[in-house]
């Protein structure tokens, strides 16, 4: 029985590692912050607004995006999950968990759909002349709803956003090699004025705490 | 009949508020300004027919206007609105080699100089550029409705396999 479990675990680990779109950097010190406990190393960095805009088609302006890399202990597969991480914005508040790609995609799609209620104006001006005389015309057309879909508002958009965030996100599975990916935390504009955050990692394998500076 | 029509359509200006302000807004769908000039006896000259006057020109050879059906008349209200394809996303491709071949999900799409702007259905695509010297560029892109994605493709020599 044990070899079967081992084979399954290895297969899961290989699948999990091959599905990541973000390669980890060479060393933990290549990130803005890193920490180690019981052989597990975690390194992380917060992406600034420009980096987020350039790297994602999905509008993540209402989220704090953290690039996280994890090195498992030697010869010890690590069961990794995004929910093992949390972000503390300040000491007064409880840490917040990352939001799933599905949730983010749904929120952005709904925001785009609300724009379909717009009122659209089509003003026109005309001058006509000829042997019969001269005339002018002025008109305004008004359109309500039913216009073009708002940005990223269709079901296909939601699926695409979910796919992007999922493919670039930190994997959920057993790893044997270093992996990297993004975590998406909800943030208000007030949160974004903070100069540093605290990233917490808590699992059966290790407990870590990283102070992440915010680059402007 | 000689008919000269001048028409001019000014482009549609689409004013939109920022994405992060949901709710009803008023926007400008397009502005059209036009002018026309007409000369001659008119399109529908009156002529006696069965004791009355009826509009028409088709029975009167001397009033035949050969340009009537084929005139390059453009309606002043022509709407050129919200760009090209309301349900599509825009990809602006800036390739370091304009002659490179562009492939979308493995299928040949054309040379880079003819694909500076691509309008695609929302979705994830693998875009690849290859030139004749073996240099290439590959990226996974995510296209969303009404969004513009800029891809700067710097073609690189192929990586040598690890020994």
Exercise for the section: Identify the residue in the stretch A:105-120 that is at pLDDT 90 or above and surrounded by 18 or more Cβ atoms within 10 Å (Cβ to Cβ) and, among all such residues, is nearest to residue A:22 (Cα to Cα). Expected result: A:105
Exercise for the section: Mind counting the residues in the stretch B:125-145 that are part of a strand (DSSP E or B) and either away from chain A (no Cβ under 13 Å) or surrounded by 16 or more Cβ atoms within 10 Å (Cβ to Cβ) (or both)? Expected result: 10
Problem - Among (1) away from chain A (no Cβ under 14 Å); (2) modelled with pLDDT of 90 or more; (3) within 19 Å of the chain's Cα centre (by Cα), the one test that residue B:90 misses - result: (1)
Completion exercise
Scanning the stretch B:146-155 for residues that are away from every other protein chain (no Cβ under 11 Å) and exposed (fewer than 12 other Cβ atoms within 10 Å of the Cβ) gives B:154
Problem - Top-ranked residue in the stretch B:148-163 [being at pLDDT below 90 and assigned to a loop (DSSP other than H, G, I, E, B); ranked as farthest from residue B:104 (Cα to Cα)] - result: B:163
Completion exercise
Only unsatisfied item for residue A:77, checking (1) more than 14 Å from chain B (Cβ to nearest Cβ); (2) under 17 Å from residue A:180 (Cα atoms); (3) under 19 Å from the mean Cα position of the chain (by Cα), is (3)
Exercise for the section: Report whether or not residue A:158 is modelled with pLDDT under 90 and closer than 29 Å to residue B:140 by Cβ. Expected result: no
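The values are calculated or read from the model by the stated rules, or taken from the named source; none is laboratory data. The structure displayed is predicted, hence computed values, not measured ones. Methodologically, a virtual Cβ is constructed for each residue, glycine included, from the backbone with ideal geometry; neighbour enumeration extends over all protein chains shown.
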